[in-house]
Amino acid sequence: MILTAAAFLAVGCGSDKQVAPEKSTETEQVEAPSNEPKQEVALRLSSNDQMKYDKSELKVPANSVVTLTLVNEGQMPKAAMGHNFVLLKNGTDLAAFGMKAIEAGIDKDHIPNSNAIIAHTKLIGGGEETTVTFDAPAKGTYDFICSFPGHYAIMKGKFIVE
Ligand SMILES: [Cu+2]
(Lines give C-alpha, C1' and ligand atoms only; values in the text may rest on other atoms or scores of the structure.)
Protein backbone atom coordinates (compact mmCIF):
# COMPACT_ATOMS: atom_id res chain seq x y z
CA MET A 1 0.00 0.00 0.00
CA ILE A 2 2.75 2.43 0.98
CA LEU A 3 4.63 1.81 -2.24
CA THR A 4 1.50 2.39 -4.28
CA ALA A 5 0.82 5.66 -2.50
CA ALA A 6 4.40 6.82 -2.98
CA ALA A 7 4.26 5.96 -6.67
CA PHE A 8 1.03 7.89 -7.02
CA LEU A 9 2.52 10.94 -5.29
CA ALA A 10 5.59 10.79 -7.48
CA VAL A 11 3.43 10.80 -10.59
CA GLY A 12 1.42 13.67 -9.19
CA CYS A 13 4.52 15.75 -8.53
CA GLY A 14 5.96 14.89 -11.92
CA SER A 15 2.90 16.10 -13.76
CA ASP A 16 2.85 19.34 -11.77
CA LYS A 17 6.44 20.04 -12.66
CA GLN A 18 5.72 19.50 -16.31
CA VAL A 19 2.84 21.94 -16.36
CA ALA A 20 4.57 24.82 -14.58
CA PRO A 21 7.35 25.53 -17.14
CA GLU A 22 4.84 25.48 -20.01
CA LYS A 23 2.87 28.28 -18.37
CA SER A 24 5.89 30.46 -17.62
CA THR A 25 7.13 30.33 -21.22
CA GLU A 26 3.89 31.87 -22.50
CA THR A 27 5.00 35.39 -21.64
CA GLU A 28 2.91 36.97 -24.38
CA GLN A 29 -0.28 36.13 -22.56
CA VAL A 30 0.73 37.61 -19.20
CA GLU A 31 -1.73 40.45 -19.28
CA ALA A 32 -4.09 39.26 -16.61
CA PRO A 33 -5.52 42.43 -15.02
CA SER A 34 -6.37 40.51 -11.88
CA ASN A 35 -2.66 40.09 -11.12
CA GLU A 36 -1.90 43.81 -11.24
CA PRO A 37 -2.31 45.82 -8.05
CA LYS A 38 -5.42 47.95 -8.40
CA GLN A 39 -5.17 51.69 -8.13
CA GLU A 40 -7.21 53.12 -5.29
CA VAL A 41 -9.27 56.21 -6.03
CA ALA A 42 -11.15 58.34 -3.52
CA LEU A 43 -14.13 60.41 -4.65
CA ARG A 44 -16.22 62.87 -2.69
CA LEU A 45 -19.74 63.81 -3.77
CA SER A 46 -21.81 66.36 -1.91
CA SER A 47 -25.57 66.83 -1.91
CA ASN A 48 -27.88 69.38 -0.33
CA ASP A 49 -31.42 70.50 0.53
CA GLN A 50 -31.74 72.03 -2.95
CA MET A 51 -31.88 68.47 -4.30
CA LYS A 52 -28.52 68.76 -6.00
CA TYR A 53 -25.20 67.01 -6.20
CA ASP A 54 -22.11 69.21 -6.41
CA LYS A 55 -20.76 67.23 -9.39
CA SER A 56 -22.34 66.06 -12.62
CA GLU A 57 -19.32 64.04 -13.71
CA LEU A 58 -17.02 61.63 -11.90
CA LYS A 59 -13.95 60.12 -13.58
CA VAL A 60 -11.86 57.15 -12.52
CA PRO A 61 -9.16 55.09 -14.24
CA ALA A 62 -9.92 51.59 -15.46
CA ASN A 63 -9.15 48.73 -13.07
CA SER A 64 -9.33 51.00 -10.03
CA VAL A 65 -10.94 50.43 -6.67
CA VAL A 66 -13.21 53.37 -5.96
CA THR A 67 -14.05 54.65 -2.51
CA LEU A 68 -16.86 57.16 -2.82
CA THR A 69 -17.94 59.31 0.09
CA LEU A 70 -21.37 60.88 -0.21
CA VAL A 71 -22.02 63.90 2.01
CA ASN A 72 -25.44 65.41 2.67
CA GLU A 73 -24.72 69.02 3.55
CA GLY A 74 -28.40 69.82 4.04
CA GLN A 75 -30.40 69.98 7.26
CA MET A 76 -33.59 68.23 6.26
CA PRO A 77 -34.29 64.70 7.55
CA LYS A 78 -33.81 61.60 5.44
CA ALA A 79 -37.54 61.04 4.96
CA ALA A 80 -37.98 64.50 3.41
CA MET A 81 -34.71 65.10 1.54
CA GLY A 82 -32.69 61.91 1.70
CA HIS A 83 -29.92 61.32 -0.80
CA ASN A 84 -27.96 58.32 -1.99
CA PHE A 85 -25.62 57.43 -4.84
CA VAL A 86 -26.62 54.64 -7.20
CA LEU A 87 -24.36 53.63 -10.09
CA LEU A 88 -26.24 51.91 -12.89
CA LYS A 89 -25.30 49.60 -15.72
CA ASN A 90 -25.39 51.02 -19.23
CA GLY A 91 -28.76 50.89 -20.90
CA THR A 92 -30.75 51.12 -17.68
CA ASP A 93 -34.16 52.70 -18.20
CA LEU A 94 -34.04 55.48 -15.61
CA ALA A 95 -37.80 56.01 -15.53
CA ALA A 96 -38.46 52.31 -14.94
CA PHE A 97 -35.69 52.13 -12.35
CA GLY A 98 -37.09 55.23 -10.64
CA MET A 99 -40.47 53.51 -10.30
CA LYS A 100 -38.86 50.44 -8.76
CA ALA A 101 -36.96 52.69 -6.36
CA ILE A 102 -40.20 54.29 -5.17
CA GLU A 103 -41.75 50.85 -4.65
CA ALA A 104 -38.71 49.70 -2.67
CA GLY A 105 -39.62 52.25 0.00
CA ILE A 106 -37.58 54.22 2.47
CA ASP A 107 -37.01 51.18 4.70
CA LYS A 108 -34.82 49.84 1.90
CA ASP A 109 -33.24 53.27 1.27
CA HIS A 110 -35.14 53.30 -2.05
CA ILE A 111 -32.73 50.70 -3.37
CA PRO A 112 -34.75 48.23 -5.44
CA ASN A 113 -33.76 44.62 -5.87
CA SER A 114 -32.27 45.10 -9.34
CA ASN A 115 -29.32 43.68 -11.26
CA ALA A 116 -28.93 47.09 -12.94
CA ILE A 117 -27.10 48.37 -9.85
CA ILE A 118 -23.29 48.34 -10.00
CA ALA A 119 -22.81 50.00 -6.61
CA HIS A 120 -24.76 52.16 -4.19
CA THR A 121 -24.57 53.94 -0.87
CA LYS A 122 -27.23 53.97 1.79
CA LEU A 123 -29.72 56.83 1.96
CA ILE A 124 -28.62 59.68 4.23
CA GLY A 125 -30.28 62.75 5.71
CA GLY A 126 -28.90 66.22 6.39
CA GLY A 127 -25.56 66.34 8.17
CA GLU A 128 -24.74 62.70 7.44
CA GLU A 129 -22.14 61.07 5.25
CA THR A 130 -21.60 57.55 4.01
CA THR A 131 -18.96 55.65 2.07
CA VAL A 132 -19.03 52.80 -0.42
CA THR A 133 -16.09 50.95 -1.96
CA PHE A 134 -16.39 49.08 -5.24
CA ASP A 135 -14.40 47.92 -8.27
CA ALA A 136 -14.69 50.31 -11.20
CA PRO A 137 -16.72 48.71 -13.99
CA ALA A 138 -15.31 48.27 -17.51
CA LYS A 139 -14.24 51.35 -19.46
CA GLY A 140 -17.23 53.40 -20.46
CA THR A 141 -19.73 56.01 -19.34
CA TYR A 142 -22.38 55.16 -16.77
CA ASP A 143 -25.27 56.98 -15.14
CA PHE A 144 -25.33 57.68 -11.43
CA ILE A 145 -28.46 58.90 -9.71
CA CYS A 146 -30.07 59.57 -6.38
CA SER A 147 -32.93 57.08 -6.16
CA PHE A 148 -35.00 59.01 -3.60
CA PRO A 149 -38.47 59.50 -5.17
CA GLY A 150 -38.39 62.23 -7.80
CA HIS A 151 -34.73 63.13 -7.33
CA TYR A 152 -33.14 61.34 -10.28
CA ALA A 153 -34.59 63.87 -12.75
CA ILE A 154 -32.14 66.43 -11.32
CA MET A 155 -29.77 64.38 -9.20
CA LYS A 156 -27.90 62.49 -11.87
CA GLY A 157 -24.54 62.53 -13.54
CA LYS A 158 -22.04 60.59 -15.55
CA PHE A 159 -19.55 58.18 -14.07
CA ILE A 160 -16.70 57.77 -16.54
CA VAL A 161 -14.18 54.92 -16.46
CA GLU A 162 -11.23 55.67 -18.74
CU1 LIG B 1 -31.65 62.81 -3.47
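The values are calculated or read from the model by the stated rules, or taken from the named source; none is laboratory data. Note that the structure is predicted; figures quoted are calculated from it, not measured. Neighbour counts run over all protein chains shown; Cβ positions are idealised from the backbone, glycine included.
Filtering the stretch 142-154 for residues that are within 16 Å of Asn48 (Cα to Cα), polar (S, T, N, Q) and surrounded by fewer than 19 Cβ atoms within 10 Å (Cβ to Cβ) leaves an empty set. Taking the stretch 113-141 as the range and being closer than 20 Å to Ser46 by Cβ and either crowded, with 20+ Cβ neighbours inside 10 Å or at pLDDT below 95 (or both) as the test, the residues that pass are His120, Thr121, Leu123, Ile124. Remark: pairs (first residue in the stretch 75-103, of a type in the set (Asp, Glu) and modelled with pLDDT of 95 or more; second residue surrounded by 18 or more Cβ atoms within 10 Å (Cβ to Cβ) and in a helix (DSSP H, G or I); Cβ separation under 9 Å; 6+ apart in sequence or on different chains) are absent. Restricting attention to the stretch 79-103, the residues that are surrounded by fewer than 19 Cβ atoms within 10 Å (Cβ to Cβ) and over 20 Å from the mean Cα position of the chain (by Cα) add up to 7. In the stretch 36-63, the residue that is nearest to the ligand (Cβ to nearest atom) out of those that are of a type in the set (Ser, Thr, Tyr) and either free of Cβ contacts under 8 Å to residues at least 24 places away in the same chain or surrounded by 15 or more Cβ atoms within 10 Å (Cβ to Cβ) (or both) is Ser47. With respect to (1) modelled with pLDDT under 95; (2) touching a Lys or Arg at 6+ places or on another chain (Cβ under 6 Å), the lone exception for Asp109 is condition (1). What number of residues within the stretch 104-159 are among the acidic types (Asp, Glu) and either without any contact (Cβ under 8 Å) to a residue 12 or more places away in the chain or within 20 Å of Lys89 (Cβ to Cβ) (or both)? Selection size over the stretch 104-159: 4.
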